[in-house]
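Q: Submitted below is the structure of interest, expressed as structure tokens.
The values are calculated or read from the model by the stated rules, or taken from the named source; none is laboratory data. Note that this is a predicted model, so its numbers are computed, not measured. Using ideal geometry, Cβ is built from the backbone for each residue, glycine included, and neighbour counts are taken over all protein chains shown. Side chains are part of the model used for accessible areas, which takes the heavy atoms of the whole protein and leaves out ligands, DNA and RNA. Shrake-Rupley method; radii C 1.70, N 1.55, O 1.52, S 1.80 Å.
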Amino acid sequence: MINVMSDDGLNLIFRNARTHNVWLSRPVPDTLLRQVYDLAKMGPTSANMSPMRIMFVKSPAAKERLKPALDPGNVDKTMVAPVTAIIGMEVHFYEQLPKLFPHADAKAWFKDLPEDVLEYTALRNSSLQGAYFMLAARALGLDCGPMSGFDNAKVDAAFFAGTTVKSNFLCNLGYGDASKLYPRSPRLTFEEACRLA
Ligand SMILES: Cc1cc2nc3c(=O)[nH]c(=O)nc-3n(C[C@H](O)[C@H](O)[C@H](O)COP(=O)(O)O)c2cc1C
């Protein structure tokens, strides 16, 4: 038996899923955020290191702390979105490896590496996890609005001070107003983007 996702499922998470900029007032319950994380966490990472850490910014006070870090074009939509997820990364992810990769001493592979190597390893894997997170959110009926137009140092100071977590990207979450979408931009074809060797 071959298990493949239905066309409806593929439409939901890929073909019809869009980046949203205008948000309806429909709230997003915390239980749904937990469901999204519980799916996203299952995606693969190097040595199962799972460096993604998420700060869900929901309250007006927390949104105000985020606001000064945003590029001007990202302010209004982020203030309106029911939730803004700060997709962060634990640069000292190796501390969790005895739990996450218990069958080998994986902590020893990473703990003495230079900070910049740890950071790009965390960036690669938290970016993958951020993508799993968006697909999980879409699979559960949410819309996403990812953004890298912000000042990482300001976000880190406002939300991750005194930790070794750094921001990767932001993702507005909620139910988007599909009537306000721009036309879909083209994608590269298989022939343009891929080679068979
Ligand atoms: C990592 C990342 C960063 C992005 N940064 C911004 C941003 O700062 N501001 C913005 O308006 N859109 C931003 N976008 C949205 C992209 O332009 C959008 O996802 C892309 O054009 C595809 O649009 P579609 O999903 O509607 O097809 C970002 C998307 C990603 C994945």
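Q: Of everything in the range 16-71, what is small (Gly, Ala, Ser) and open to solvent by 90 Å² or more (accessible area, probe 1.4 Å)? Give them in sequence order.
A: Taking the range 16-71 first, the residues small (Gly, Ala, Ser) are 17, 25, 40, 43, 46-47, 50, 59, 61-62, 69.
SER25, the sole residue that qualifies.
Q: Identify, from the list PRO114, PRO98, PRO102, the residue that is open to solvent by 60 Å² or more (accessible area, probe 1.4 Å) and touching a helix residue (DSSP H, G or I) at 6+ places or on another chain (Cβ under 7 Å).
A: Working: PRO114 fails: touching a helix residue (DSSP H, G or I) at 6+ places or on another chain (Cβ under 7 Å); PRO102 fails: touching a helix residue (DSSP H, G or I) at 6+ places or on another chain (Cβ under 7 Å).
On inspection, the qualifying residue turns out to be PRO98.
Q: Go through ASN168, ASN152, ASN172 for me and flag whichever is under 14 Å from the mean Cα position of the chain (by Cα), more than 9 Å from the ligand (Cβ to nearest atom) and modelled with pLDDT of 95 or more.
A: Details: ASN168 fails: more than 9 Å from the ligand (Cβ to nearest atom); ASN152 fails: under 14 Å from the mean Cα position of the chain (by Cα).
Testing whether each residue is under 14 Å from the mean Cα position of the chain (by Cα), more than 9 Å from the ligand (Cβ to nearest atom) and modelled with pLDDT of 95 or more leaves just ASN172.
Q: While we're looking at this one, here's another question. Pull out all pairs, ordered by first then second residue, where Cβ-Cβ is under 6 Å, the residues are six or more apart or on different chains, the first lies in the range 174-197 and is assigned to a loop (DSSP other than H, G, I, E, B), and the second is open to solvent by 100 Å² or more (accessible area, probe 1.4 Å) and away from the ligand (no atom under 11 Å from the Cβ).
A: As it stands, the answer is TYR175/ARG26, since those pairs meet every condition given.
Q: Go through ALA193, ALA137 for me and flag whichever is of a type in the set (A, V, I, L, M), surrounded by 12 or more Cβ atoms within 10 Å (Cβ to Cβ) and within 16 Å of the ligand (Cβ to nearest atom). Give the derivation first.
A: Numbers: ALA193 fails: surrounded by 12 or more Cβ atoms within 10 Å (Cβ to Cβ).
After ruling out the rest, the residue left standing is ALA137.
Q: Here's another thing I want to ask about it. Out of the residues in the range 175-190 that are surrounded by 10 or more Cβ atoms within 10 Å (Cβ to Cβ) and not aromatic (Phe, Trp, Tyr), which is farthest from the ligand (Cβ to nearest atom)? Give the derivation first.
A: Start the filter on the range 175-190 by keeping residues that are surrounded by 10 or more Cβ atoms within 10 Å (Cβ to Cβ), which leaves 175-178, 180-181, 184.
This time we only want the ones that are not aromatic (Phe, Trp, Tyr), so: 176-178, 180-181, 184.
Numbers: GLY176: 10, ASP177: 13, ALA178: 11, LYS180: 12, LEU181: 7, ARG184: 5 Å.
For the range 175-190, the residue satisfying everything is ASP177.
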